[in-house]
Amino acid sequence: MRSFVLSTSAILLATTAFAQMPPPPLPGSPPLASQQSMTIGGTVTRFTLTPRGDLDGLILGDGTQVHVPPHLSAELAAAVKPGDAVTVSGSRSPTGALFIAASVADIASNQTVTDRGPPAPGLMPPPPPPGVPVPGALNTMVQGRVQRLLRGPAGDVDGALLDDGTVLRMPPHIAYQFATLLAPGRTVAAQGWGLNTAFGRVIDVQSVGPSLGQLREPFSPQPGASPAPAPVSSRP
């Protein structure tokens with residue numbers, strides 16, 4: 001296990017890049033504007049992916065990231081295609097950086113995907129423990145330019161999209177540690193458990209660095225035994 005110390009300037013940059021969530025409203029106060037229901041529209045440029053390869057949202061042509069619960073992955077894939085125009089109803093995350101979809105209507109297919117709440121317990125497979133790969137994942141290394149940050153349902157950063165289309169995913173506390181490396185426009189290298197899907201490649205990140213020769217593990221990795229080494233798939 002290797003450790004390193006962030007400089008004061010790096011901490012300041014990280015704090016700027018990863019804005020803190022605002023405090024919850026006081027009891028009886030009106031809801032935040034970002035949480036009020038609204039409808040937006042746009043053209044789908046691509047899907048976003050979870051570490052296990054499920055679809056968990058869209059990126060629209062104007063750059064808006066739309067979150068769709070992963071349990072709707074199959075419905076979303078059947079109803080929506082990149083290049084389609086969609087109308088999305090929902091609300092913005094507390095930080096305002098992410099749009100949380102209640103429904104996605106595809107104009108071309110005339111189909112609507114609606115979130116009616118999480119599935120009943122036991123209907124969806126549980127996620128693997130931190131650091132343990134999903135079936136079919138390979139130990140993968142990648143290096144590329146950060147195109148944009150990706151965010152989870154609460155609006156906190158939990159990954160990045162590279163310019164070659166690779167999706168990097170990691171817990172928010174790890175993304176915060178590597179904030180300066182994940183800044184849009186920066187070249188970043190990552191190692192983790194990679195899956196190639198019909199919608200692109202996603203990597204469950206285990207280490208990050210400025211180059212493949214300078215990969216660093218996070219300060220406090222999640223507890224649990226490391227899985228046995230797997231074949232490495234590397235693509236520049």
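The values are calculated or read from the model by the stated rules, or taken from the named source; none is laboratory data. These numbers were taken from a predicted model, which means no experiment stands behind them. Cβ sites come from the backbone with ideal geometry, for glycine too, and all protein chains shown count toward neighbours.
On the stretch given as segment 86-112, residues that are closer than 20 Å to residue 75 by Cα and small (Gly, Ala, Ser) total 8. The residues on offer are 61, 83, and the sole one that is surrounded by fewer than 14 Cβ atoms within 10 Å (Cβ to Cβ), at positive phi and modelled with pLDDT of 95 or more is 83.
Could you please let me know if residue 164 is acidic (Asp, Glu), outside any strand (DSSP E or B) and within 21 Å of residue 182 (Cβ to Cβ)? So residue 164 fits the description; yes.
When only residues in segment 90-112 that are of a type in the set (A, V, I, L, M) and farther than 24 Å from residue 156 by Cβ count, which is surrounded by the most Cβ atoms within 10 Å (Cβ to Cβ)? Looking at the filtered set, the residue picked out is 105. Per the listing 218, 133, the residue uniquely out of contact with any helix residue (DSSP H, G or I) (no Cβ under 7 Å at 6 or more places or on another chain) and not aromatic (Phe, Trp, Tyr) is 133.
Filter segment 114-137 for residues that are at pLDDT 90 or above and buried (at least 16 other Cβ atoms within 10 Å of the Cβ) and give the result. Within segment 114-137, 115, 137 qualify.
Scanning segment 107-129 turns up no residue that is assigned to a strand (DSSP E or B) and among the charged types (D, E, K, R).
One residue stands out in segment 167-193 among those that are more than 15 Å from the chain's Cα centre (by Cα) and either outside any strand (DSSP E or B) or among the β-branched types (Val, Ile, Thr) (or both): the one that is nearest to residue 128 (Cα to Cα), namely 177. Residues in segment 35-54 that are in contact (Cβ under 8 Å) with a residue 40 or more places away in the chain and in contact with a Pro (Cβ under 6 Å, 6 or more places away or on another chain) were compared, and the one that is farthest from residue 197 (Cα to Cα) is 44.
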